[in-house]
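Shown next, in structure tokens, is the structure this report addresses.
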Amino acid sequence: MYSAAAAAAASPPRRDFISVTLSPEEAVGAGGYNNSKAWRRRSCWRKWKQLSRLQRSVILFLFAFLAVCGVISYTSMGEPWKSLTSKPSDDQGTEPEVPGLKLANPAVLPAPQKVDANRGDYPELSPQKPPKPPHFRRGPSNLQIKAPRRDVRLKTRHDTSRAVEEPVQAEKEDKTEKSVISWRGAVIEPDQSTEPPSSKIKEPEKPSSVEAEDQKEPVPINERQMAVIEAFRHAWKGYKDFAWGHDELKPLSKSYSEWFGLGLTLIDALDTMWILGLKEEFEEARKWVANDLVFDKNVDVNLFESTIRILGGLLSTYHLSGDSLFLEKAKDIGNRLMPAFKTPSKIPYSDVNIGRGTAHPPRWTSDSTVAEVTSIQLEFRELSRLTGDEKFQKAVDEVMKHVHTLSGKNDGLVPMFINTNSGQFTHLGVYTLGARADSYYEYLLKQWIQGGKKENELLEDYMRAIEGVKKHLLQRSQPKKLTFVGELAHGHFSAKMDHLVCFLPGTLALGAHNGLTADHMKLAEALIETCYQMYAQVETGLSPEIVHFNLHAQKGHKDVEIKPADRHNLLRPETVESLFYMYRFTGDKKYQDWGWEILQNFNKYTRVPTGGYTSINNVQNPRNPEPRDKMESFFLGETLKYMFLLFSDDIDLINLDKYVFNTEAHPLPIWVPA
């Protein structure tokens, strides 16, 4: 056994081979691989047949789904791509796009034909046809205006989420992440900086008409809005019959009063007529502006009042209508107001002679009020943006930068007066959110919003001021524990609150909507309840000019006390203004109901049968409210406008992510940089 194994190991191993030789033709015929298309088709088919029926069904479904998605994407992208790559033709009523700032958003309402077009073809002024949001928000905006900033364009601004409606899903997908700034609990999203305006004057472009395919279905005007339209027409009838072209109507004596002799009521009401859809009335007023409004006259005007009412009204009407007549008039009055800034401190004088080109303080003092010199910025900044002339914005920005550095503030609260020679605050130690200081706080926030949330000094001043209000001016009344804003005089608190302070709930809500702390909205809700009670606890249901709140419970006493000198009502808009903001941001119908009560009481106690409405001297006497025989221009410019917007079911009617209202309720566009 051993020897056999050894012999086997010693012998060499045997190797067996099989040799097969095939020709190329035989290999192909035998089904070998040759990389031909026919062979690959047969191979794929065998693999397909080897799959189960379920697997084949899943694959077929995926292919069909991808094909459908492709078709939908193509149709959705077609129009935006077309608008990006094509220029509007002249016969479409739009102008070529040019470098510079462009309004971020389309016009709220349909724009009219060009000025030289047939006036009989003037388009419908219905406020119920706002632009339809495009599928992709990054497309070019329909409203195009040549602006003063160099080589910077505005893109379409994404709508932020509102409590009133669900945001469109496409908007959610398009929103980009931005860096955030936190300041005492406030989280904000700053936009990129815009460049300073060029000193070179440019010819402005006319806002283009909103294209038909971008129009929403009309939102029907409801009964409450119709009641506002009727009230406006009644007021306008009195003005047209007895005060046409003059500043203010005296409805009882069927006459008029003059302040500047510039048709204040008519100019203040222009954009209100446009928003309400009153085409005939608007056309009549436009003809007066074109033919009779002349600023070259020897008359002193108040810088603040003429800026917010005349300049603001003309700029707003230009943006809504696209009619360059109003921009030309705005440039004229803007230039004539500039001498007010020729002071040693750059703090403007209160009065300007627009014919002589001279300015001066009031006869009794060299002071200006803080509210007046810090509440003209929205208008002058926008005028620079439209004309390309930086002097307007430079003048008002210098005022804000100077006030930012001043001492004499109390936790952000400012005194009421500032000296035009020294540039310093005067009458120190008195702090209020009422007359002479109110709109300073309003314009801090609104300038920050107007400029694309970039100017953080403005935001810092605003946030500090609200903290100062909470610390020094907030109290609660008895017996209903209403939160109110009082006044501070040399360390002594006064439970006095002007009706003017009722702008604050709306301003706080606007700030919260733009990313500031939610505590501001809570405070807004508490304060708007107080402002409503200033009406509800009064015999006529109309608020007096000033109220005093009871800090201690007394039997038989309400929260609100009214002194004889304070019981007049001037048809003011501040409470209705805040009701509009609160309803727009919360959707709570009670704010509409409160506004409806106020309108009914205006009709009951201030309406004059022959036309117009009158302010009254005694809100506590329903039998004889003692009419004053005066209809303030802001009743048409603000009060009825905010009423109409409050009752509107269309939240895009003057979209608050696209427009910011000046303190006279004239909407101006928000700048959104590229």
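The values are calculated or read from the model by the stated rules, or taken from the named source; none is laboratory data. Since the model is a prediction, treat every value here as computed from it, not as a measurement. Heads up, the Cβs are rebuilt from the backbone with ideal geometry, glycines too, and the neighbour counts pull from every protein chain shown. Surface accessibility is based on the protein's heavy atoms, side chains included, excluding ligands, DNA and RNA. Shrake-Rupley method; radii C 1.70, N 1.55, O 1.52, S 1.80 Å.
Counting only residues that are of a type in the set (A, V, I, L, M, F, W, C) and touching a residue at least 60 places away in the same chain (Cβ under 8 Å), which one in region 483-497 is surrounded by the fewest Cβ atoms within 10 Å (Cβ to Cβ)? Lay out the reasoning, then the answer.
Keep residues of region 483-497 that are of a type in the set (A, V, I, L, M, F, W, C), which gives 484-485, 488-489, 493, 495, 497.
This time we only want the ones that are touching a residue at least 60 places away in the same chain (Cβ under 8 Å), so: 484, 488-489, 497.
Working: 484: 25, 488: 18, 489: 12, 497: 29.
Here the answer is 489.
Report yes if some residue within region 313-322 is open to solvent by 10 Å² or more (accessible area, probe 1.4 Å) and within 17 Å of residue 378 (Cα to Cα); otherwise report no. Write out each step before concluding.
Within region 313-322, the first condition is being open to solvent by 10 Å² or more (accessible area, probe 1.4 Å), and the residues that meet it are none.
Checked region 313-322: no residue is open to solvent by 10 Å² or more (accessible area, probe 1.4 Å) and within 17 Å of residue 378 (Cα to Cα).
Would you mind stating whether residue 614 is in contact with a strand residue (DSSP E or B) (Cβ under 6 Å, 6 or more places away or on another chain) and either at pLDDT 95 or above or more than 22 Å from residue 643 (Cα to Cα) (or both)?
yes
Out of 317, 343, 358, I need the residue that is under 20 Å from the mean Cα position of the chain (by Cα) and of a type in the set (Ser, Thr, Tyr). Which one? Please lay out each step first, then the result.
Working: 343 fails: under 20 Å from the mean Cα position of the chain (by Cα); 358 fails: under 20 Å from the mean Cα position of the chain (by Cα).
Testing whether each residue is under 20 Å from the mean Cα position of the chain (by Cα) and of a type in the set (Ser, Thr, Tyr) leaves just 317.
Residues being part of a helix (DSSP H, G or I), more than 12 Å from residue 582 (Cα to Cα) and either of a type in the set (Phe, Trp, Tyr) or touching a strand residue (DSSP E or B) at 6+ places or on another chain (Cβ under 7 Å) (or both): count how many of those fall in region 522-549. Steps first, please.
Taking region 522-549 and keeping what is part of a helix (DSSP H, G or I), we get 522-536.
Remaining after also requiring more than 12 Å from residue 582 (Cα to Cα): 530-536.
Imposing the further condition that a residue be either of a type in the set (Phe, Trp, Tyr) or touching a strand residue (DSSP E or B) at 6+ places or on another chain (Cβ under 7 Å) (or both) reduces the set to 530, 532-535.
Residues that pass the stated criteria total 5.
Please count how many residues of region 418-435 are under 27 Å from residue 335 (Cα atoms) and surrounded by fewer than 20 Cβ atoms within 10 Å (Cβ to Cβ). Step through it out loud before you land on a result.
Taking region 418-435 first, the residues under 27 Å from residue 335 (Cα atoms) are 418-424.
Now drop any that are not surrounded by fewer than 20 Cβ atoms within 10 Å (Cβ to Cβ), which leaves 419, 421-424.
Residues that pass the stated criteria total 5.
Please go through region 293-304 and give me each residue that is in contact with a Phe, Trp or Tyr (Cβ under 8 Å, 6 or more places away or on another chain) and in a helix (DSSP H, G or I), ordered by number.
Scanning region 293-304 gives a single hit, 303.
Looking at region 564-572, is at least one residue more than 24 Å from the chain's Cα centre (by Cα), at pLDDT 95 or above, open to solvent by 30 Å² or more (accessible area, probe 1.4 Å) and aliphatic (A, V, I, L, M)?
Going through region 564-572, the residues more than 24 Å from the chain's Cα centre (by Cα) turn out to be 564-570.
Pick out the ones that are also at pLDDT 95 or above and you get 564-570.
Now restrict to residues that are open to solvent by 30 Å² or more (accessible area, probe 1.4 Å): 564-565, 567-568.
Filter once more, so that each one left must be aliphatic (A, V, I, L, M): 565.
Checked region 564-572: at least one residue is more than 24 Å from the chain's Cα centre (by Cα), at pLDDT 95 or above, open to solvent by 30 Å² or more (accessible area, probe 1.4 Å) and aliphatic (A, V, I, L, M).
Being of a type in the set (Val, Ile, Thr) and part of a loop (DSSP other than H, G, I, E, B) is the filter; apply it to region 613-636 and report the residue that is nearest to residue 270 (Cα to Cα). Spell out how you get there, then give the answer.
Keep residues of region 613-636 that are of a type in the set (Val, Ile, Thr), which gives 614, 616, 619.
Retained after the next criterion (residues that are part of a loop (DSSP other than H, G, I, E, B)): 614, 619.
Values: 614: 20, 619: 30 Å.
Within region 613-636, the match that is nearest to residue 270 (Cα to Cα) is 614.
Please work out if residue 329 is in a loop (DSSP other than H, G, I, E, B), out of contact with any Phe, Trp or Tyr (no Cβ under 7 Å at 6 or more places or on another chain) and basic (Lys, Arg).
Numbers: in a loop (DSSP other than H, G, I, E, B): no; out of contact with any Phe, Trp or Tyr (no Cβ under 7 Å at 6 or more places or on another chain): yes; basic (Lys, Arg): yes.
In short, no.
Working only within region 550-583, note down all residues that are in a loop (DSSP other than H, G, I, E, B), out of contact with any His (no Cβ under 9 Å at 6 or more places or on another chain) and not charged (D, E, K, R).
Kept after step one, since they are in a loop (DSSP other than H, G, I, E, B), are these residues of region 550-583: 550-559, 562-563, 567-568, 570-573.
Adding the requirement that they be out of contact with any His (no Cβ under 9 Å at 6 or more places or on another chain) leaves 551-559, 567-568, 571, 573.
Residues satisfying the conditions are 551, 552, 553, 554, 556, 557, 568, 571, 573.
So which residues in region 392-443 are among the small types (Gly, Ala, Ser) and either under 25 Å from residue 501 (Cβ atoms) or more than 26 Å from the chain's Cα centre (by Cα) (or both), if there are any at all? Full working, then the answer.
Filtering region 392-443 down to residues among the small types (Gly, Ala, Ser) leaves 395, 407-408, 412, 422-423, 429, 434-435, 437, 439.
If the condition is that a residue be among the small types (Gly, Ala, Ser) and either under 25 Å from residue 501 (Cβ atoms) or more than 26 Å from the chain's Cα centre (by Cα) (or both), then 407, 408, 412, 422, 423, 429, 434, 435, 437, 439 are the ones that fit.
Kindly provide the set of residues from region 225-256 that are under 28 Å from the mean Cα position of the chain (by Cα) and either on the phi > 0 side of the Ramachandran plot or among the hydroxyl-bearing types (Ser, Thr, Tyr) (or both), ordered by number.
none
Only one of these conditions is not met by residue 364: (1) modelled with pLDDT of 95 or more; (2) at negative phi. Which number is it?
Going through (1) modelled with pLDDT of 95 or more; (2) at negative phi one by one, residue 364 breaks only (1).
If you go through region 252-259 one residue at a time, do you hit one that is in contact (Cβ under 8 Å) with a residue 24 or more places away in the chain and open to solvent by less than 10 Å² (accessible area, probe 1.4 Å)?
No - not one qualifying residue is present in region 252-259.
Does residue 539 fit the bill of being over 25 Å from the mean Cα position of the chain (by Cα) and over 22 Å from residue 435 (Cβ atoms)? Even if it seems obvious, please write down each step before you answer.
Numbers: over 25 Å from the mean Cα position of the chain (by Cα): yes; over 22 Å from residue 435 (Cβ atoms): yes.
Answer is yes for this residue.
Going through region 451-482 one residue at a time, which ones are within 25 Å of residue 545 (Cα to Cα), buried (at least 17 other Cβ atoms within 10 Å of the Cβ) and within 30 Å of the chain's Cα centre (by Cα)?
465, 466, 468, 469, 472, 473, 482
Quick one: which of 586, 610, 575, 639 is touching a residue at least 60 places away in the same chain (Cβ under 8 Å), closer than 25 Å to residue 267 by Cα, open to solvent by 30 Å² or more (accessible area, probe 1.4 Å) and not acidic (Asp, Glu)? Step through it out loud before you land on a result.
Numbers: 586 fails: closer than 25 Å to residue 267 by Cα; 575 fails: open to solvent by 30 Å² or more (accessible area, probe 1.4 Å); 639 fails: open to solvent by 30 Å² or more (accessible area, probe 1.4 Å).
Just a single option satisfies the conditions, and that option is 610.
Any residue that is open to solvent by 20 Å² or more (accessible area, probe 1.4 Å) and of a type in the set (S, T, N, Q) - is there at least one of those in region 265-287?
No: zero hits.
Please state which one of 335, 302 is open to solvent by 10 Å² or more (accessible area, probe 1.4 Å), among the polar types (S, T, N, Q) and in contact (Cβ under 8 Å) with a residue 60 or more places away in the chain.
Working: 335 fails: in contact (Cβ under 8 Å) with a residue 60 or more places away in the chain.
Just one listed residue meets the conditions, 302.
Of (1) under 20 Å from the mean Cα position of the chain (by Cα); (2) part of a helix (DSSP H, G or I), residue 515 satisfies all except one. Which?
(2)
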